[in-house]
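The values are calculated or read from the model by the stated rules, or taken from the named source; none is laboratory data. Note that this is a predicted model, so its numbers are computed, not measured. With ideal geometry, Cβ positions are generated from the backbone for all residues, glycine too; neighbour counts draw on all protein chains shown.
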Amino acid sequence: MTHDLVVRAARAVTPEGERAVEVGVTDGRIAAVVPLGTGLAGAEVLELAEDEVLLPGLVDSHVHVNEPGRTEWEGFATATRAAAAGGVTTIVDMPLNSLPPTTSVANLEVKKQRAVDQAFVDVGFWGGAVPGNTADLRPLHDAGVFGFKCFLADSGVPEFGHLEDAELRADLAELTSFGGMMIVHAEDPGTLEDAPQEPGPTYRNFLASRPAKAESTAIAALIDAARATGARAHVLHLSDADSLPMIAAARAEGVRLTVETCPHYLSLDADHVPDGATAYKCCPPIREQDNQDRLWQGLRDGLIDVVVTDHSPATAELKQPASGDFAEAWGGVSSLQLGLAVVWTEARRREVPLAEVVGWMSSGPAALVGLGRKGGIAVGKDADLAVFAPEATFVVDPARLHHKNPVTPYAGRDLTGTVRRTLLRGRPVGDEPAGTLLRRGEA
């Protein structure tokens, strides 16, 4: 047969490992994966260069698009363009910081209406679990959200309140009735209240205001609640490596718990954050080098399941106040376009194979959210692909990023690994939006 497209690659990351393959694409799906040299016929043929590797498109399950309501921070057009430029072919949008938040079916429909004609990659949606909306969780699940995000401490925006322990347990019990998943920003409010609060431009003071104990205390409470209810729970953006033994013990006893971390925790460390450099501010915060080393070990040991960006942008004015005060600045790191290069640069230095990185950033997130057609170069999967040059280097120029606001802690940083081409269902991501909106269980 003649395929719509044949991709020939001397190196490709497949579920069986790195191989030399030909990939046949028909009607947007992968129809054949055969050894290079087989001679598949295609109406179009793409032959990778010697320095390029074929990857499955990445899946980023932690992205704040912010549209509508705070579209000056980011929007579907800019976010999904940035995603494609970074080899990401699927994002799952967080239920905040948009207005309205995705805490009801009506609010979900508002967001979908804004996304449908602007998405350059495929987009799914998380629902939100906030005080008083337990009755909205099942309808949101039925409407196709991939799970529910909650905060255990102040979210930073008034319209998305945090859950107290009793509310968390009630919502987890509700989710067990229909197989839903709770994804949790795990910081303990009491610990944060007791921490020293010294505003100003000194990063060490900000770090002290968000101690590791806040994470470990909240994760312990989440484990207790998940154990008691039997619910499926996921720890968002883990920065505290001290929590890994507790996570391992909970899993060993059968608690249904998964964990993610982010590129900034794997590549940046507290000792190298300049005072006043509020582009580095995020919550939970970037911690010390030893902590980072143990996060990497947690990944390699399988205790941390996925690496996703937590792309959380804001306007330059909010992110970089003239005072340089960390307490005043918005917390969040913009890295949707850079995530693969950031992680690969550090992985390469640590002699971690590219296939492991792809597992953490493509097949892992796809499995986490139940996107069976995503995250792999295999027959039957969507032909979402990225052409990656793993030895090519570049210097991060914020002005060349597709993010709406060019503020990033990676500015001027030397990175290794360049995405040269991104394909969505076998077609190059171009100047016109061709992404689709995804529902849980349908892809």
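Annotations for the structure displayed:
- Restricting Gly179, Gly200 to residues that are more than 30 Å from Asp136 (Cβ to Cβ), assigned to a loop (DSSP other than H, G, I, E, B) and small (Gly, Ala, Ser) narrows the list to Gly200.
- First in segment 1-26 and in a strand (DSSP E or B), second anywhere and of a type in the set (Lys, Arg) and modelled with pLDDT under 95, Cβ under 9 Å, 6 or more apart: none
- Test: Ala226 is among the aliphatic types (A, V, I, L, M) and either closer than 24 Å to Val342 by Cα or more than 21 Å from the chain's Cα centre (by Cα) (or both): yes
- Qualifying residue in segment 375-395 (condition: among the β-branched types (Val, Ile, Thr), at pLDDT 95 or above, more than 30 Å from Val105 (Cα to Cα) and in contact with a Phe, Trp or Tyr (Cβ under 6 Å, 6 or more places away or on another chain)): no
- Residue within segment 188-196 that is within 27 Å of His272 (Cβ to Cβ) and either assigned to a helix (DSSP H, G or I) or in contact with a strand residue (DSSP E or B) (Cβ under 8 Å, 6 or more places away or on another chain) (or both) present: yes
- Selection within segment 32-79: residues that are assigned to a loop (DSSP other than H, G, I, E, B) and among the charged types (D, E, K, R). The member of this set that is farthest from His402 (Cα to Cα) is Glu50.
- Filter result (within 20 Å of the chain's Cα centre (by Cα), crowded, with 22+ Cβ neighbours inside 10 Å and not aromatic (Phe, Trp, Tyr)) within segment 124-162: Gly124, Gly127, Gly128, Ala129, Val145, Gly147, Lys149, Cys150, Leu152
- Residues that are of a type in the set (A, V, I, L, M, F, W, C), surrounded by fewer than 24 Cβ atoms within 10 Å (Cβ to Cβ) and in contact with a strand residue (DSSP E or B) (Cβ under 9 Å, 6 or more places away or on another chain) were ranked within segment 52-87; the one that is farthest from Asp310 (Cα to Cα) is Val53.
- Criterion violated by Ala329 - all others in (1) touching a residue at least 60 places away in the same chain (Cβ under 8 Å); (2) in contact with a helix residue (DSSP H, G or I) (Cβ under 7 Å, 6 or more places away or on another chain); (3) not charged (D, E, K, R) satisfied: (1)
- Test for Thr408: is it hydroxyl-bearing (Ser, Thr, Tyr), outside the structural domain of Ala115 (by TED's automatic domain parsing) and closer than 27 Å to Cys282 by Cβ: no
- Across segment 369-405, the number of residues qualifying as free of Cβ contacts under 8 Å to residues at least 12 places away in the same chain and either in contact with a helix residue (DSSP H, G or I) (Cβ under 8 Å, 6 or more places away or on another chain) or crowded, with 24+ Cβ neighbours inside 10 Å (or both) comes to 0.
- Condition met for Arg420 (under 17 Å from Val123 (Cα atoms) and surrounded by fewer than 23 Cβ atoms within 10 Å (Cβ to Cβ)): no
- Number of positions in segment 163-200 that are surrounded by fewer than 20 Cβ atoms within 10 Å (Cβ to Cβ), among the small types (Gly, Ala, Ser) and closer than 18 Å to Trp126 by Cβ: 1
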